[in-house]
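The values are calculated or read from the model by the stated rules, or taken from the named source; none is laboratory data. What you are looking at is a predicted structure, and each value in this text was computed from that prediction instead of being measured. Glycine also receives a Cβ, built like all others from the backbone with ideal geometry; neighbour counts cover every protein chain displayed.
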Amino acid sequence: MKQSLYDITSNVEVMPGVYLMWLEAPDIASHAYPGQFITVCCGGLILRRPFSVHRVSFLSSPSTGEDLGEGGIAILFKVVGEGTFWLAQQQAGNKIDVLGPLGRGFDIASDSKNLLLVGGGIGIAPLIFLAQYASPQYQVTLIHGASTAAQIYPFSSLRAEALSIAKGQRSNLSPLPEKVQFIPVTEDGTLGRKGMVTDILPDFLNWADQICACGPLDMYKAMSLTLNPSPLKGKGKGEGEKRSNLRCQVSLEVRMGCGIGACRSCTINTRHDLKQVCRDGPVFELNDILWQEVRI
């Protein structure tokens, strides 16, 4: 964990109201793990704002492939308040105060082979880093749900960006790893499958060894019902056993004061006593959370 001023290398609106910011932060990039986050001091606001590490990159020499020792991290954020509005106005060359990496990230079980990543809305942010990290070793399917096509992460336009990365140049956008299967889901049916991500989740339960998710509270509650169906409800042969044994981790997004476990403002109740999201999470086991008591 380190606090320092870092240079903004780019800040681009990639979807309506959603910005992708790259920071030159080699010390954070070298230590960050999928699911961890940073906190940013936004202008004169007292409380720092938390953001998932969206992606990391390291530049290498185009001629020799040698590591140049320059690393960057990206954050993906939606403008929802005063802090993110200030952040969206920042330009390349500006410096911002960053603390990180913080928290505990996703934990991939040693016996897992097929990973299902489920993102709802801006919850796609930490899952790109996870897909980048896991795809060389695991089979990865990434589902991203949004209300309409304009809010789906624009992977289709990112393939060409891989060429600039291969030449040692910094790209604003992030290419989807070639081995990752991407499935967009929109509520209005304008792109991919129509409905909610939780509507198509059952289609993948017999394939997945583990699920990693990030999204709104209602998505997690629906996933909990799907993965832990009531015994009073009918289910197909073997379906209940598969769902009850399927490990699912979720990343919680709650209001944080300090981000390091000192203020206890992000405390939640779990089946294993009180936990602090910033220090004990933000990634938790889905079945450990008492969802009826969580307020996000």
Failed item in (1) buried (at least 21 other Cβ atoms within 10 Å of the Cβ); (2) at pLDDT 95 or above; (3) not in a helix (DSSP H, G or I), with Ser174 passing the rest: (2)
Residues of segment 198-218 satisfying the condition of being in contact with a strand residue (DSSP E or B) (Cβ under 6 Å, 6 or more places away or on another chain) and closer than 25 Å to Arg104 by Cα: Ala208, Asp209, Gln210, Ile211, Cys212, Ala213, Cys214, Gly215, Pro216
Any hit, segment 128-138, residues being aromatic (Phe, Trp, Tyr), closer than 18 Å to Met15 by Cβ and surrounded by 24 or more Cβ atoms within 10 Å (Cβ to Cβ): yes
Segments classed as helices (runs of 4 or more DSSP H), wholly inside segment 215-293, with at least 3 members that are buried (at least 18 other Cβ atoms within 10 Å of the Cβ), touching a helix residue (DSSP H, G or I) at 6+ places or on another chain (Cβ under 8 Å) and modelled with pLDDT of 90 or more: 217-227
Of all residues making up segment 111-127, the number that are outside any helix (DSSP H, G or I) and buried (at least 20 other Cβ atoms within 10 Å of the Cβ): 6
